[in-house]
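These notes are about the structure you will find just below.
The values are calculated or read from the model by the stated rules, or taken from the named source; none is laboratory data. Predicted, not measured: the structure shown is a model, and the values here were computed from it. Counting neighbours? That spans all protein chains shown, and the Cβs are built from the backbone with ideal geometry, glycine included. We work out accessible area using only protein heavy atoms, side chains counted, and drop any ligands, DNA or RNA first. Shrake-Rupley method; radii C 1.70, N 1.55, O 1.52, S 1.80 Å.
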Amino acid sequence: MKKNLVITFVILSIFVAACGGGGTPAGSATKIPVVADSGTVIAEGRLQPKQYATISFAVGGQIAEVLVSEGAVVKKDEVIARLKSREAALAEVARAESEKVNAEIALKNLKDNSDVASAQALLELARAKDQLDKAEKDLRNFKNPDMDYYQRQVAKAEDALKSAQENLKLLDISTASANVKLAKDGLKSIDDNIVPDTLKDIKTCLNSPCADKQVVWLGGKGMKLQDARDFYNDALNRVTTTQIQLEQAQRNNGVSQRDLQKTLDDAKQNLKEAQTPDVLKVAVYEGEVAKAKSAVADAQRKYDKVKSGAPDPDQLASLQARVNTATSSLDAAKVALANTELKAPFNGTVAEIKFKVGEQVAPNQAIVTMADFSKWIVKTNNLTEIEVVKVTQGQKASVKLDAMPETKLNGTVESVATFFEEKRGDITYTITVGVTDLDPKMRWGMTAQVTFEK
C-alpha cells in the first residue's frame, strides 16, 4: 500500500540524522528540518464502467441464436440471444391467447343474451309445470278412477265382439259360400250339358292346329275349340276364386274376433285394476309427481336468477373465472416466452459473450457481460480509517492510469462507503470516483492512482 509521500520523507530524514553525517563535528547536535503535512490523500483503484451487468437466461436450455458479437453496440431491450425452446413458448402463447379470446366471447355472449336466457328459463318453468299437472292428474285418476268410464269400455268391447261374431259370419262368410256354390253349379251345368266329344277336345287337344277346330258348344252352337276352352276355363277359375275368397273371409273372421276378444280382455283388466289400485303402481305415480315437483322447483330457481334480465350469477362467475384463468395462463406463457430471449438491460456495448450456438446453459448462468463505456469510475478500497475522514462526497480528485502516466484525468468523489473492510490488519473503506474526462485508450480494469484534492 502506498503511504503519504511526506510521511515517508520525514521518516527517511530521521533515519539519516540518527546515523550521523560526515563532516559534522563530534558531540554537536544535528537540527532536524520541520516538514509540514500537505494533507493530500492518495489511493489506488481500478477503472471500470459506471454501469455494467452480467446477464443470463432465467431458464435453462440450448442456445439457438446469438444475434450480436463482442464489441457490438446495442440498445436497451435489443435481443442478444435466444433459446431453442422459444418455438414451443410461441405456440403456448398462441394457444393461451386463443383460449382468452374464446373465454371473453363466451362471457360477452352471456351478458348480451341475458334477455334471451330469461325468456328461455320462463319457458322451461312453464313446461315443468305442465309435466307436474299431468303427473298429478295421472295419480288422481289412478287412485280415484272413473268407474263408469271403465264399465262403459267393457260394455262397448262386449257389444263389438258380439256384433262381429254375428254379422261377420252372416255377411262375409255367407256371401263367400254362396259365390262358391254358384261357381260350382255353373261348372257342373257345363259338364252336364256339353257334348262329350267337345269336352274331350277341350281337355286333350292342346296343340295350335286344334285351336281353329270347330266344336259344338251348349245349345248346339258352333264355335272354335279355343273359344270353347276359354269359356270352360273361366268357369273353372270362378270356382277357384270363390273358394279362395271364402277361405279369406273365414280367416278374417277369426282374426277380427281375436282382436275384439283382446280388447274386451284389456277393458275387463282395466276395470279390475280401477276397482283395486295396485300399491306399487300408486308408488310409481307418486314418484313421477315428486320428480315433476323437483323439476318445477329447479326451473323456478333458474328463472328467479335471470328474470330481472341480468345474467345467471353462477354462469357469470364461472365464465369470469374462466377469463381470469385464461388471462393468468397467457401472462405466464408470455413470461415463459420472454425468458427464452436474452435482452440488453440498457444502452451499451457487448463486452464479452461466454457461450456459442448449440451449447446448453443453466438458469442464471452468466452468458453476456455488457457495459456503458460513456461513463467511467474508479473504485478504491485501500483508504484507511485515518485517511477516509479527509475525503467527502463531491470532493475533486485527479486520476492517473498506470498505462497512461502522462495523462491526468479529472474526477469527483461520488460516494464514500459507510461500512468497512478489514485487509491485512488495516481497516479500509471504498471510495467511488466519477471520471469526468474521457480518453479512447481507457480500458476496463486498468490500475489507477487517485489523488484527492484538499
| note | In degrees, nearest 10, the alpha-carbon axis of helix 225-275 is tilted away from the dominant principal axis of the alpha carbons of the chain by 60 degrees
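How high is the relative contact order of the chain, given as a whole-number percent (alpha carbon pairs under 8 Å, six or more residues apart)? Don't jump to the answer; show the numbers that get you there.
Numbers: 639 pairs, mean separation 151.8, N = 454.
Once normalised by length, the contact order is 33 percent.
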| task | Could you give me the radius of gyration and the Dmax of the chain, taking only the C-alpha atoms into account and expressing both in angstrom? | result | 61.2, 207
| remark: Karplus ³J(HN,Hα) for region 54-63 (6.51 cos²θ - 1.76 cosθ + 1.60, θ = phi - 60°; Hz, whole; x = Gly/Pro) runs 9, 10, 8, 6, 6, 10, x, x, 9, 6
| query | Among 258-265, 280-287, how do they line up from the highest to the lowest mean number of other beta-carbon atoms within 10 Å? | reply | 258-265, 280-287
| Ordered by residue, what ³J(HN,Hα) values in Hz, to whole numbers, does region 367-372 give under the Karplus form 6.51 cos²θ - 1.76 cosθ + 1.60, where θ = phi - 60° and Gly and Pro are x? | 10, 9, 10, 10, 8, 9
| message | List the residues, sorted by chain then number, that are 5 or more residues from Glu65 or on another chain and whose placed amide H is less than 5 Å from its amide H. | response | Arg82
| task | List every residue whose amide H lies under 5 Å from the amide H of Trp376, counting only residues 5 or more places away in sequence or on a different chain, with H placed 1.01 Å from N in the peptide plane. | result | Lys50, Val435
| task | Can you tell me the FRET efficiency between Leu123 and Ala362 if r is taken as the Cβ-Cβ distance and R0 is 51 Å, rounded to the nearest 0.05? | result | 0.20
| task | Starting from the Cα of Thr436, step 7 Å along the direction of its Cβ; do the same at Ala317; then give the gap between the two resulting points in nm. | result | 6.7 nm
| Can you give the relative contact order of region 349-454 as a percent, counting alpha carbon pairs under 8 Å and 6+ residues apart? | 30 percent
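Using a 10 Å cut-off on Cβ atoms, rank the peptides 404-414, 196-206 from the highest mean neighbour count down. Can you show the working numbers first?
On the way: 404-414: 15.1, 196-206: 13.5.
Averaged packing, sorted descending, gives the order 404-414, 196-206.
State which entries of Lys423/Lys454; Lys396/Lys423; Lys181/Lys224; Lys156/Lys262 exceed 18 angstrom in Cα-Cα distance in the structure shown. Don't skip to the end; give the middle numbers.
Working: Lys423/Lys454 26 Å; Lys396/Lys423 26 Å; Lys181/Lys224 29 Å; Lys156/Lys262 13 Å.
Over 18 Å apart, Cα to Cα: Lys423/Lys454; Lys396/Lys423; Lys181/Lys224.
At a 1.4 Å probe radius, carbon and sulfur cover how many percent of the accessible area of region 206-292?
Working: 3130 of 5870 Å².
Within region 206-292, the accessible surface is 53 percent carbon and sulfur.
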| request: Compute the length gained on full extension between Ala290 and Arg152: take 0.36 nm times their separation in residues and subtract their Cα-Cα distance, giving the result in nm to one decimal. | output: 46.5 nm
| remark: Calc'd 3J(HN,Hα), region 327-341, phi into Karplus 6.51 cos²θ - 1.76 cosθ + 1.60 (θ = phi - 60°), Hz, glycine/Pro = x, comes to 5, 4, 5, 5, 4, 5, 5, 5, 5, 4, 5, 4, 5, 8, 10
| query | Rounded to the nearest 0.05, what FRET efficiency is calculated for Ala91 and Thr412 with R0 set to 51 Å and r the Cβ-Cβ distance? | reply | 0.45
| At what distance in angstrom do the alpha carbon centres of region 53-84 and region 231-304 lie from each other? | 86 Å
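Of the peptides 336-347, 127-138, how do they stack up when ordered by the mean number of other Cβ atoms within 10 Å, highest first?
Details: 336-347: 17.1, 127-138: 15.5.
Ranking, from highest mean packing down: 336-347, 127-138.
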| request: Enumerate the amide H contacts of Val59 below 5 Å, restricted to partners 5 or more residues apart or on another chain; note that Pro and chain-start residues carry no placed amide H. | output: Asn364
| Label-point separation (nm) for Asp138 and Thr325, each offset 7 Å from Cα along Cα-to-Cβ? | 3.9 nm
| message | Full-extension gain between Arg258 and Ile173, please, as 0.36 nm times their residue separation minus the C-alpha to C-alpha distance. | response | 28.9 nm
